[in-house]
């Protein structure tokens, strides 16, 4: 066994699932996201497991071009907003245990109604961010 079984705290140590099925805990640092590409070969074929708590709307939109994202509500009440066919499509999630599937290539953001905690399973290679979803 190359990885210690834990326990780990997901906010401080994210989990990277590799293309061969290996799981690698990675501590969060100020340069965490920049390190993913260098530490995991451009992050090709990898999945990031993370947890975030937020009480304010996300300041930007994001998009994952390499696969669908699974977003699971742990607690709270949130509008998960997808940019579909040039318009916002809001998915209201307010029951812990419910989840949203963000399709590959769809821009999305979140607007919590109350403090919210969510688990993310993200195909992170080439993730893009923008202040607003690109038109066209």
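Annotations
- Taking every alpha-carbon pair in the chain and binning the separations at 10 Å intervals from zero gives 12, 40, 36, 11, 1 percent.
- Length gained when the stretch residue 88-residue 130 is fully extended (0.36 nm per residue, less Cα-Cα span): 13.6 nm
- Most mobile of 67, 18, 86 in a GNM of the chain (Cα contacts under 10 Å): 86
- Its relative contact order, with pairs defined as Cα atoms under 8 Å and 6+ residues apart, puts the chain at 29 percent.
- Shape call, region 65-117: gyration tensor on alpha carbons, a/c limit 1.5: oblate
- Mean separation of Cα contacts under 8 Å (6+ apart) over length of region 1-42, as relative contact order %: 29
- Over the chain: helical MRE at 222 nm, DSSP H runs n ≥ 4 each giving -39500 (n - 2.57), nearest 500: -1500 deg cm²/dmol
- Spatial offset of region 114-129 relative to region 16-91 amounts to 3 Å, using the alpha carbon center of each.
- Rounded to the nearest 0.05, the FRET efficiency derived from the C-beta distance between residue 38 and residue 9 at R0 = 25 Å is 0.55.
Each reported figure results from applying straightforward, stated rules to the coordinates on display, with no laboratory input. Computed from a predicted structure; not experimentally measured. In this analysis, Cβ positions are derived from the backbone assuming ideal geometry, glycine residues included, and neighbour counts consider all displayed protein chains.
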